[in-house]
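Engineer: My questions all concern the structure below.
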Amino acid sequence: VEEFRRCPRATWIMKPANAAQGRGIFLVTKLHQLRKWSAGRWAATKASESYVISRYVDRPHLVGGRKYDLRLYVLVTSYRPLRVYKHREGFARFCTSKYDPSPANLGNPFVHLTNVAVQKHGKDYNQHHGGK
């Protein structure tokens with residue numbers, strides 16, 4: 001609550017702690033949205049379900065006007081001294097819609113979430129390369 005008040009123009013992303021493939025993720029910009037969600041949530045879900053909320057990167061680096069994320073695989077074998085091995089291969093996942101941070105698009109997962117499980121339902125999804 002303190003962070004919401006300290007950053008009144010920020011966008012926040014809510015993610016369920018025990019979910020995958022983009023399920024349950026949504027964005028909020030106002031504290032009252034979070035309160036409304038919370039009030040309705042207790043009737044619809046288990047009280048033990050945890051969520052993580054963090055400040056959304058509202059000016060992300062884009063490729064071709066679209067959000068993306070990189071999936072890299074590393075193995076950390078020691079912290080002191082730090083020893084990390086990176087696998088040669090990785091991949092990038094892309095949104096199918098161009099990034100638009102306007103309030104009208106806050107609920108559009110094809111703009112904000114790179115998960116293939118979400119993007120494969122978009123009209124611009126390419127089955128051949130799968131958003132990678």
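Engineer: If you plug each phi of the range 92-102 into the Karplus form 6.51 cos²θ - 1.76 cosθ + 1.60 with θ = phi - 60°, what whole-Hz ³J(HN,Hα) values come out, in order, with x for Gly and Pro?
Structural biologist: Working through the residues one at a time gives 10, 10, 10, 6, 8, 10, 5, 5, 9, x, 5 Hz.
Engineer: Moving to a separate point now. Averaged across orientations, what area in nm² does the convex hull of the alpha carbons in the chain project? Mind showing how you got there, number by number?
Structural biologist: On the way: hull surface 45.0 nm².
Mean orientational projected area (the chain, Cα hull): 11.2 nm².
Engineer: Out of the range 16-106, which trypsin sites (Lys or Arg not before Pro) are coil in DSSP terms and have no more than 15 other C-beta atoms within 10 Å? Present the calculation step by step, with values, prior to reporting the outcome.
Structural biologist: Details: sites: R23, K30, R35, K36, R41, K46, R55, R66, K67, R71, R83, K86, R88, R93, K98; in loops: R23, K30, K46, K67, K98.
Answer in residue order: R23, K30, K46, K98.
Engineer: A further question on this structure: Specify the residue with the greatest mean-square fluctuation among H112, H121, H32, computed from a Gaussian network of the chain linking alpha-carbon atoms under 10 Å apart.
Structural biologist: For the chain, modelled as a Gaussian network with Cα springs under 10 Å, the answer is H32.
Engineer: Taking amide H positions as placed in the peptide plane 1.01 Å from N, state which residues far from Y56 in sequence (5 or more) or on other chains have amide H under 5 Å from it.
Structural biologist: Correct list: T11, W12, I13.
Engineer: Taking amide H atoms as placed 1.01 Å from N in the peptide plane, list the residues 5 or more away in sequence, or in a different chain, whose amide H sits under 5 Å from that of Y99.
Structural biologist: It is R66, K67, by chain and number.
Engineer: Using θ = phi - 60° and the Karplus form 6.51 cos²θ - 1.76 cosθ + 1.60, what ³J(HN,Hα) does each residue of the range 70-85 get, whole Hz, x for Gly and Pro?
Structural biologist: With coefficients 6.51, -1.76 and 1.60, one gets 10, 10, 10, 10, 9, 10, 9, 9, 7, 9, 9, x, 5, 9, 10, 10 Hz.
Engineer: To the nearest 0.05, what FRET efficiency results for C7 and D69 with a Förster distance of 25 Å applied to their C-beta separation?
Structural biologist: Values: r = 23 Å, r/R0 = 0.92.
In this case the efficiency is close to 0.60.
Engineer: Right, another one. Rounded to a whole number, what % of the accessible area of the chain do carbon and sulfur atoms account for, probe 1.4 Å? Write down the numbers at each step before the final one.
Structural biologist: Working: 5190 of 9680 Å².
Carbon and sulfur atoms account for 54 percent of the accessible area of the chain.
Engineer: Would you mind classifying the range 79-132 by shape? Square roots of the alpha carbon gyration tensor eigenvalues, ordered a ≥ b ≥ c; an a/c under 1.5 is rounded, otherwise it is prolate if a/b is larger than b/c and oblate if not.
Structural biologist: Cα axes put the range 79-132 in the oblate bin.
Engineer: Then there's this: How much area per residue is accessible in the range 27-113 when the probe is 1.4 Å and only protein heavy atoms are counted (Å²)?
Structural biologist: On the way: 6500 Å² over 87 residues.
Result: 75 Å² of accessible area for each residue.
Engineer: Here is a further query. With springs only between Cα atoms under 10 Å, which of Y99, Y85, Y56 fluctuates most in a Gaussian network model of the chain?
Structural biologist: Checking each option, the largest mean-square fluctuation is seen for Y85.
Engineer: Given 0.36 nm per residue, what is the gain on full extension from R59 to E89 after removing their alpha carbon distance, in nm?
Structural biologist: Working: separation 30, 0.36 × 30 = 10.80 nm, distance 2.72 nm.
Fully extending the segment from R59 to E89 adds 8.1 nm.
Engineer: What number of lysine-lysine pairs in the chain show an alpha-carbon separation below 28 angstrom, given a sequence spacing of 8 or more or placement on distinct chains?
Structural biologist: Within the chain, the lysine pair count is 24.
Engineer: Given a cut-off of under 8 Å on Cα pairs at least six residues apart, what relative contact order in percent is computed for the chain?
Structural biologist: Details: 188 pairs, mean separation 27.7, N = 132.
That works out to 21 percent.
Engineer: Net charge around C7, counting only other residues with Cβ within less than 11 Å of its Cβ (Lys, Arg = +1; Asp, Glu = -1)?
Structural biologist: Charge balance near C7 sits at +1.
Engineer: Related question: Per residue of the range 57-62, in order, report the coupling 6.51 cos²θ - 1.76 cosθ + 1.60 (Karplus, θ = phi - 60°) as ³J(HN,Hα) in whole Hz, putting x for Gly and Pro.
Structural biologist: Karplus values, whole Hz, x for Gly and Pro: 6, 8, 10, x, 5, 10.
Engineer: Could you list which residues have their amide H under 5 Å from that of A92, counting only those 5 or more apart in sequence or on another chain, with H placed in the peptide plane?
Structural biologist: Excluding prolines and chain starts, which carry no amide H, the hits are R71.
The values are calculated or read from the model by the stated rules, or taken from the named source; none is laboratory data. What you see is a predicted model, and the numbers here were worked out from it, not measured in a lab. Cβ: placed from backbone, ideal geometry, glycine included. Neighbour counts: every protein chain shown. Areas reflect the complete protein model, heavy atoms only, side chains present, ligands, DNA and RNA absent. Shrake-Rupley method; radii C 1.70, N 1.55, O 1.52, S 1.80 Å.
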